[in-house]
Amino acid sequence: MQKRIIDGVEVRRGSDNVFADLGLPDAEKLKIKTGLVVEIRKAIRAIGLNQQEAAKRMGLPQPKVSGMMHGDFSNLSERKLMDCLNRLGYDIEIKVRPASEPVGHLTLATG
């Protein structure tokens, strides 16, 4: 990580994964789950659903949707989050290819 001093404060340029920069376990998994939740939130807003309607459509209890909207998605798997996006009318494509490094990475591409 590159560091600089700005106005007397040490500033470091992070990687593309803030969870890894913070040294959290399962950083790749957290990055993917966060990306999926961001897309779910966008989808709910785009469709114009309230939490109760979104919960029904995604097959979740409303309190879990509320938690997700407030950043608590630890109790939801990546698979369940992908299922939620499918139920909201979104396709998910998983692409597998050889890695350029000995150990591959998970990447979430949206668009």
Pairs only if they're at least six apart or on different chains, beta carbon under 6 angstrom, first in the stretch 1-22 and without any contact (Cβ under 8 Å) to a residue 24 or more places away in the chain, second small (Gly, Ala, Ser); list them, first residue then second.
-> Asn17/Ala27; Phe19/Ala27; Ala20/Ala27; Asp21/Gly14; Asp21/Ser15
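Does Gly89 qualify as being surrounded by fewer than 10 Cβ atoms within 10 Å (Cβ to Cβ) and more than 16 Å from Leu108 (Cα to Cα)?
Working: surrounded by fewer than 10 Cβ atoms within 10 Å (Cβ to Cβ): no; more than 16 Å from Leu108 (Cα to Cα): yes.
When the stated conditions are applied, Gly89 does not pass them.
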Does Ser66 satisfy the condition of being among the hydroxyl-bearing types (Ser, Thr, Tyr) and part of a helix (DSSP H, G or I)?
-> yes
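Mind checking which residues of the stretch 81-106 are free of Cβ contacts under 8 Å to residues at least 40 places away in the same chain and either over 17 Å from Lys42 (Cα atoms) or aromatic (Phe, Trp, Tyr) (or both)? Give the steps one after another, and end with the answer.
Filtering the stretch 81-106 down to residues free of Cβ contacts under 8 Å to residues at least 40 places away in the same chain leaves 83, 86-87, 91-104.
Those that are free of Cβ contacts under 8 Å to residues at least 40 places away in the same chain and either over 17 Å from Lys42 (Cα atoms) or aromatic (Phe, Trp, Tyr) (or both): Glu93, Ile94, Lys95, Val96, Arg97, Pro98, Ala99, Ser100, Glu101, Pro102, Val103, Gly104.
Read-outs: derived from the displayed coordinates by stated rules, not from any lab. Not measured: the values here are computed from a predicted model. Cβ atoms come from the backbone with ideal geometry, glycine included; neighbour counts cover every protein chain shown.
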